Amino acid sequence: MQKREQSKSGGVGGGASAPPAKRGRPFGSGGNSAAAAAAAAAETAAPSTLLGPSLHVHSSFADQNNKRIVLALQSGLKSELTWALNTLTLLSFKEKDDMRKDTAPLAKIPGLLDALLSVIDDWRDIALPKEHVKVPRVRNLGANLLVTGFGNEYEALASNGTLPLPGLGSSSQEASVLSNVIKLRSSSEWWLDEDGLFNLDEEGRAERQQCAVAASNIIRNFSFMPDNEVIMAQHRHCLETVFQCIEDYLTEDEELVTNALETIVNLAPLLDLGIFSSSKPSYIKITGKRAVQAIMGMLGSVVKTWHCAAAELLGRLIINPDNEPFLLPFVPQIHKRLVDLMSLPSVDAQTAHGAQAAAVGALYNLAEVNMDCRLKLASERWAIDRLLKVIKAPHPVPEVCRKAAMILESLVSEPQNRALLLAYENAFAEILFSDARYSDTFARILYELTSRPNNKVAAARGVWGM
């Protein structure tokens, strides 16, 4: 543990390293490198006061309308739900270095996170299930309303003549109409089964999906705010929902999956996978092992945004020693996939560099866990070659090259690895004399390889090929 803390505090070069920064879109999810460079140059050239027009939201807006926002989300009405989601999108969005608008912490709006999660759960209940048999569920949102506004509900009820004319009838008549509507829904299973052969409301499904995506984007935005980290990282329902979205990445909306993945990455430094086996109330049966399996599914995905973010997520989760029992059984699979990411074939150099950075960052933290992780990584095929390739290329970010060199230094600290690493003695010596930035690291590596008295046999094997 002490060694891990020392390595995280800046390695041998000294200096305290900052905590993992909040991230935007994952590595490789942006446009081309030219556009990204132009945007970065524009940001550095223009001061924060010259960012152009921006949406202004009064700082007291959330305090004055917090109950209305939560009730609108819980109402199930399309108009109210749309207003609440649009409002929260403005409140949760903040431009970079923009000091003209205050953020809205979740603690100021009680019940908001649960209300947003109910919007996502409402969509997940009617999304296409993996099983052919659909379990009936009693619907609560809008159960006492004639029409919620989603899809073609109004036309379906009006065709049966069950809707009263506006301005006519009494309260008793409205009550009788409501009872007839409930009977109609229950008799035809219109209210419980949205996937029936004669009741395929594609418009309503699409609208609810859009609401779920908007709610996930708001939750993602909230995860960037430091005031919300602890609340969200300890909220079991929130973690279960986002992990379930990640788990169903093959059938779920891509933007919804991306928002869920970015939320988890932002919360990863404070996340303890043991929360899924705690005494806190559970809404979705997610276990720690199932959560790691969901991450492994994203790590093996061909989508560059997802596998890069999954690699970064694993690197952040392993820092917490409480997560080791859940992650260590998957270390061989993790090593194999991360080594593959370091040589990901791509026509876009930015994509390849992003994958290398994510893989090296995760391997850097994994190599500091215990001896077993270092032994398995050194014996992984092509691992040493690709770490050297990152340094020799070199990677455009010097910090990535430094971490790759530190990984090699961690591997050589284990006596069982020295016989394997001695075969790369010439490559280490070449970097030692050609690149002054990493000369100290590779000098220590060569010292470990050749100066120990018990390395005579290993040296003979390295020199003579024995």
> Looking at A352, is it in a helix (DSSP H, G or I) and free of Cβ contacts under 8 Å to residues at least 24 places away in the same chain?
Replying inline: yes
> Only one of (1) farther than 24 Å from N320 by Cα; (2) at pLDDT 90 or above; (3) open to solvent by 30 Å² or more (accessible area, probe 1.4 Å) fails for P394. Which number is that?
Replying inline: (2)
> Pairs under 7 Å by beta carbon, first residue over 25 Å from W306 (Cα atoms) in the range 359-372, partner open to solvent by 10 Å² or more (accessible area, probe 1.4 Å) and at pLDDT below 95, six or more apart or different chains?
Replying inline: M371/E414
> If a residue has to be part of a helix (DSSP H, G or I) and either over 24 Å from A393 (Cα atoms) or open to solvent by less than 30 Å² (accessible area, probe 1.4 Å) (or both) to count, how many in the range 412-428 make the cut?
Replying inline: 10
> How many residues does the range 366-391 hold that are among the aliphatic types (A, V, I, L, M) and surrounded by fewer than 16 Cβ atoms within 10 Å (Cβ to Cβ)?
Replying inline: 2
> Which of the residues that make up the range 79-90 are modelled with pLDDT of 90 or more and buried (at least 18 other Cβ atoms within 10 Å of the Cβ)?
Replying inline: E80, L81, A84, L85
> For the range 386-411, which residues satisfy the criterion of being without any contact (Cβ under 8 Å) to a residue 24 or more places away in the chain and outside any loop (DSSP other than H, G, I, E, B)?
Replying inline: E399
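The values are calculated or read from the model by the stated rules, or taken from the named source; none is laboratory data. Source: prediction; values computed, not measured. A quick note on method: Cβ atoms are made from the backbone with ideal geometry, for glycine too, and the neighbour counts reach across all protein chains shown. Note: areas computed on protein heavy atoms with side chains; ligands, DNA, RNA excluded. Shrake-Rupley method; radii C 1.70, N 1.55, O 1.52, S 1.80 Å.
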